[in-house]
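The values are calculated or read from the model by the stated rules, or taken from the named source; none is laboratory data. Here the structure is a predicted model, which is why all the values come from computation and not from measurement. Because the Cβ atoms are built from the backbone with ideal geometry, glycine has one as well, and the counts that use them run over all protein chains shown. Heads up: the accessible areas ignore ligands, DNA and RNA and are worked out on the full protein's heavy atoms, side chains in. Shrake-Rupley method; radii C 1.70, N 1.55, O 1.52, S 1.80 Å.
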Amino acid sequence: MQVSYLSLRYFMEVAFCLNFSHAAQKLHISQPGLSQQITALEKELGIKLLNRSTRNVTLTAEGDYLHKNLLPSFDNIENTVSQLVEAGTVPQTTIRIATVPSAASNLVPYLIKRLKEEHPLIEFYIKETTSVHAAELVQKSEYDIAFIRTPIDLKQTIQPPLKWIEFSKHPMKVVLSCQHAAAVQDEIDLYELKNETFLHYDPKHSPSLYYLLEHACLSAGFIPKTIGAGPEILTIANLISNGIGITLMPQDMLELLNSYKIKAIALKNLSLFSSISVIWNDVSVPLITKDALSILEHLPHYTTKESMKSKTL
């Protein structure tokens, strides 16, 4: 049996219209020609698909079965062809997101939920990593978007064809153990902690947070003594809760650590902020990535690019 796609397509249109004249117009063929095609299909299958009279056309039980079971396949074929033609290339069906842990816990879930509403069949890949590595993955087009800790020199770091959207800034706070003597305070002059040992950030993988801690301590009048550098956020929290050093951390990172026995204290006479930015490669941005960026751009805490003219620490 060799049933052609075209003859099945003709049948599907007649089954939808239940009118040979209307179906022929939509298919751009003559009504007699369409009738001959359906007759040939019924002969090939050995099954009557339509009940025809001078007044109306109805589906037989077999015709109704064939129509209902073929409909999803035909819709998929037409949608696939349409998307391919519109995109001019293979349409995007997945989105790859590289992200720092803080964004992975708040921005990413919101984004995926919204994207699933618009693209129910979307698949996604999420890689938690450092800001530097995430930026490299987008630069190489291995990932579609990346959430990074905003670099201090954003305009110099994120060069075309990369573009960015910056989100709201969060204040930097001192983070120490709940058992620390200073834990009873809600605000502290950083100079009071000049003799403490600090858990530092890796200057290569977390340059923004490294700079912020250095800048804060130098502004307070001392060079920080460090006990270690480079651990992940949860490791930092565990070390601090056990009384092994202190550090500075932005509020959005602190929100991930509610279950740890640590205390966050506001800085007195020193205002430092950190933010998250999403970056992407602006060369041939596929549809789902565009939708993702549109969702992020309309977040309540979205910061316009023009605001980047002010110094971001």
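Annotations for the structure displayed:
- Unmet requirement for Glu142, which otherwise passes all of (1) surrounded by 14 or more Cβ atoms within 10 Å (Cβ to Cβ); (2) not in a strand (DSSP E or B): (1)
- Residue match in the range 210-228 (condition: more than 17 Å from Pro101 (Cβ to Cβ), surrounded by fewer than 17 Cβ atoms within 10 Å (Cβ to Cβ) and in contact with an Asp or Glu (Cβ under 9 Å, 6 or more places away or on another chain)): yes
- Just one residue in the set Ala98, Ala103 is open to solvent by less than 60 Å² (accessible area, probe 1.4 Å), modelled with pLDDT of 90 or more, small (Gly, Ala, Ser) and not in a helix (DSSP H, G or I); that residue is Ala98.
- Residue in the range 155-173 that is of a type outside the set (D, E, K, R), within 22 Å of Asn106 (Cβ to Cβ) and in a loop (DSSP other than H, G, I, E, B) present: yes
- Restricted to the range 159-207, and to residues there that are among the aromatic types (Phe, Trp, Tyr) and open to solvent by less than 40 Å² (accessible area, probe 1.4 Å), the residue that is nearest to Leu270 (Cα to Cα) is Phe198.
- Applying the set (1) more than 28 Å from the chain's Cα centre (by Cα); (2) open to solvent by 60 Å² or more (accessible area, probe 1.4 Å); (3) in contact (Cβ under 8 Å) with a residue 60 or more places away in the chain to Ile262 leaves exactly one unmet item: (2).
- Flag if Glu187 is over 19 Å from Asp282 (Cα atoms) and of a type in the set (Asp, Glu): yes
- Of all the listed residues (Thr58, Thr54), the sole one being surrounded by fewer than 14 Cβ atoms within 10 Å (Cβ to Cβ), modelled with pLDDT under 90, over 44 Å from the mean Cα position of the chain (by Cα) and β-branched (Val, Ile, Thr) is Thr54.
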